[in-house]
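Engineer: Here's a structure for you.
Every read-out reported here was derived from the displayed coordinates using simple, explicitly stated rules and does not represent laboratory data. In this text the structure is predicted, and so the values were computed from the model without any measurement. Here the Cβ positions follow ideal geometry from the backbone for every residue, glycine too, while neighbour counts run over all protein chains shown.
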Amino acid sequence: MEDTIQQVKTDQTLTAEVAYAIYSDEDWVATLRKCANRLCERLQAERFIVLLYDADQEIFEICFQSQPQNRRPIATPLETLNEVDWQMLQRSTEAVGVENLDDDLKLMAWREVFLEHGVQSLLVCSTAIGRPLEGLLVISQESARTWNRAERELLRVVSQQIGLILRQWQLQRQIEQQQKVHQTIQWGLTTMQQTQQLERLERAAVQHISQVLQVPLVALVTWSPGRKSAQIAAMFSTSQQFSMATDMTIPVYTDTLIQWTLQTMGYCHCRPLMMSPQKPANG
């Protein structure tokens, strides 16, 4: 009984320290690192992973992870979960435990990835209990084990505190993105006023869009009203993996991507596109 009482007091101290760090430390990475060290020590776990769900790409982005120096970090992103696992994590009011990945059917979408990294057991909790799934806190161990009630409760409390960091981080990213968009608009207006060369403006525009959106390929496709074919007026690529032949002719009325875009109000989000890889030119 005395050991249990002492452990409860220790856990309360740990959660209080995490809360203090969140509200007092502006360096969120340092805060998460401190939290990872304390929580992994308390739960005798090797890995501490904070996941953030990206609804546009339908993936879980690993925004922070901690593991022993002699262990490989898990590659990002993690695939989205099946409907059963999604609802389980979204509706659960406590941390969900996986005692042995070899035998348990939970979190099947991540099973192969975790097993490849030596993970056998997990403790997972939503960072926003009672709300739509936004993020997850994952603790893992390399041996099969059970997770008792005190350990589940500790992860539940810490995960809600980390949820505050995630929401602040998302807000900061949105603000930064809005600032980039504003800068792009200002740049576009200034450039249009300063140049009379359309081709130069088009090349500069696709390059700037690539930088703002942080994407490896941007292409500007144009055609005259009534014409049946379009051309690539400008293209910017940051990787040889993502490239297009700028001299190709594109049939406007039969090209799937063009038709999708024309029929969509706003931008057209297509995933995944089945495209044949471009063959390298001879010579």
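Engineer: Residues in region 225-250 near a label at Leu262, defined as backbone nitrogen under 12 Å from the 7 Å Cα→Cβ point?
Structural biologist: Backbone N within reach: 225-230.
Engineer: What list of ³J(HN,Hα) couplings, whole Hz, do you get for region 161-177 from phi and the Karplus terms 6.51, -1.76, 1.60, once you set θ to phi - 60° and write x for glycine and proline?
Structural biologist: 5, 5, x, 5, 4, 4, 5, 5, 5, 4, 4, 5, 5, 5, 5, 5, 5
Engineer: Sticking with this one: Out of residues 5 or more away from Leu133 or on other chains, whose amide H comes under 5 Å of its own, with H placed 1.01 Å from N in the peptide plane?
Structural biologist: none
Engineer: Which of rounded, prolate, oblate describes the chain, given a ≥ b ≥ c as roots of the alpha-carbon gyration tensor eigenvalues and a/c under 1.5 marking rounded, otherwise prolate only if a/b is larger than b/c?
Structural biologist: Because a/c hits 1.5 or more and a/b exceeds b/c, the chain counts as prolate.
Engineer: On full extension of the chain, what length is gained from Arg131 through Asp54, given 0.36 nm per residue of separation minus the C-alpha to C-alpha distance?
Structural biologist: Separation in residues times 0.36 nm, less the Cα-Cα distance, equals 26.2 nm.
Engineer: In a Gaussian network model over the chain where Cα atoms closer than 10 Å are linked, find which of Ile49, Ile74, Ile258 has the largest mean-square fluctuation.
Structural biologist: Highest fluctuation of the listed residues: Ile258.
Engineer: Once a ≥ b ≥ c are taken as the square roots of the eigenvalues of the Cα gyration tensor of region 186-229, is the result rounded (a/c under 1.5), prolate (a/b larger than b/c) or oblate (a/b not larger than b/c)?
Structural biologist: Oblate.
Engineer: Over the alpha-carbon set of region 66-122, work out the extent along each principal axis and list the three values in angstrom, largest first.
Structural biologist: For region 66-122, the Cα extents along the three principal axes come out at 35, 23, 20 Å.
Engineer: What's the ranking of 145-155, 79-89 by average number of surrounding C-beta atoms within 10 Å, highest first? Working shown, then result.
Structural biologist: Details: 145-155: 17.1, 79-89: 14.5.
With the highest mean Cβ count within 10 Å placed first, the list reads 145-155, 79-89.
Engineer: With no solvent and one point per C-alpha, what does the Debye sum give as log10 I(q)/I(0) for region 197-275 at q = 0.24 Å⁻¹?
Structural biologist: Computed log10 I(q)/I(0) values: -1.44.
Engineer: I would also like to ask the following. What is region 197-275's relative contact order, in percent, from Cα pairs under 8 angstrom and six or more apart in sequence?
Structural biologist: 22
Engineer: With an 8 Å Cα cut-off and a minimum separation of 6 or more residues, compute the relative contact order for the chain in percent.
Structural biologist: 12
Engineer: Exposure proxy check: Cys40, Cys35, Cys125 ranked by fewest other beta carbons within 10 Å? Can you show the working numbers first?
Structural biologist: Values: Cys40 19, Cys35 25, Cys125 28.
Listed from fewest to most nearby Cβ atoms, that is Cys40, Cys35, Cys125.
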